[in-house]
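Here the structure is laid out as structure tokens; the discussion comes afterwards.
FYI, it's all coordinate maths here, none of it is from the lab. Keep in mind that what you see is a predicted model, and the values were worked out from it rather than measured. So basically every Cβ, Gly included, is an ideal-geometry build from the backbone, and we count neighbours across all protein chains shown.
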Amino acid sequence: MSDVLTQLAQARLVPVVVLDDAADADGLAGALVDGGLPVAEVTFRTAAAPEAIRRMADRGDILIGAGTVLTPAQVDKAVDAGARYVVSPGLSRAVVERCHERGVLALPGTVTATEIQAALELGLSTVKFFPAGTSGGAPAIKGFAAVFGGLSFVPTGGVSPANLQDYLDIPAVKAVGGSWMVPQKLVAAHEFQAVTDLVSEAVALAEKLRPSV
Ligand SMILES: O=C(O)C(=O)C[C@H](O)[C@H](O)COP(=O)(O)O
């Protein structure tokens with residue numbers, strides 16, 4: 001699990017993918033890899049998710065997670081398909097415990113101190129901060145980071161190139177998630193070069209913002 005966190009922290013960006021057709025999975029994965037970002041979170045908002053995860057994970061050149069995971073059964077479907085981490089909009093003990101039973105990283109969504117404390121009680125050291133944009137954004141994360149030392153955050157929801165620095169400048173922010181890099185319309189239209197261009201731009205911006213050692 002810690003290896004996945006290390007890879008996510010290295011990437012600093014997690015493309016949040018909604019795929020209506022699993023046949024688009026390989027083309028999208030190739031666009032991400034070509035753009036220098038071999039990471040994706042495939043959301044369980046569509047029925048295509050398990051097969052899309054399988055096709056992308058089977059490539060062997062991209063770190064695949066599952067998003068919008070709401071139940072332990074979906075954890076099993078995601079992990080059986082090859083997902084290495086599981087992301088949820090909120091915090092579910094049942095989902096987190098199933099992730100731990102299956103040996104994969106759980107990234108539940110939290111936006112209050114109570115939810116964060118519940119995540120800590122489940123043994124988590126990194127949480128998703130969702131929906132970031134409407135829950136106080138970077139200032140809220142800074143406030144929580146001051147109280148919950150050692151906890152890391154992955155903000156998603158309203159993150160874009162315009163506010164990326166606000167989030168990545170926070171030491172407690174491991175990475176950010178966002179759909180801006182992988183617009184559904186471009187994917188559905190198989191405009192994979194356009195996706196690669198968006199990804200390359202995001203990678204270049206994140207690299208520019210990476211703290212000097
Ligand atoms: O449901 C989940 O588990 C999620 O992963 C939620 C997504 O991260 C956000 O909906 C992305 O928000 P945008 O980048 O503003 O489109």
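Quick notes on this one:
- Some residue of region 78-88 being of a type in the set (S, T, N, Q) and either more than 17 Å from the chain's Cα centre (by Cα) or away from the ligand (no atom under 12 Å from the Cβ) (or both): no
- Residues in region 106-123 that are surrounded by fewer than 22 Cβ atoms within 10 Å (Cβ to Cβ) and within 16 Å of the ligand (Cβ to nearest atom): Glu115 alone.
- Test result for Gly157, within 16 Å of the ligand (Cβ to nearest atom) and buried (at least 17 other Cβ atoms within 10 Å of the Cβ): yes
- Counting the residues of region 160-183 that are within 13 Å of Leu13 (Cα to Cα), away from the ligand (no atom under 12 Å from the Cβ) and surrounded by fewer than 21 Cβ atoms within 10 Å (Cβ to Cβ) gives 1.
- Among residues of region 32-48 that are under 20 Å from Lys77 (Cβ atoms), those with a Cβ under 8 angstrom from a residue that is among the charged types (D, E, K, R) and assigned to a loop (DSSP other than H, G, I, E, B), sequence gap 6+ or separate chain, pair up as Thr46/Asp20; Ala48/Asp20; Ala48/Asp21.
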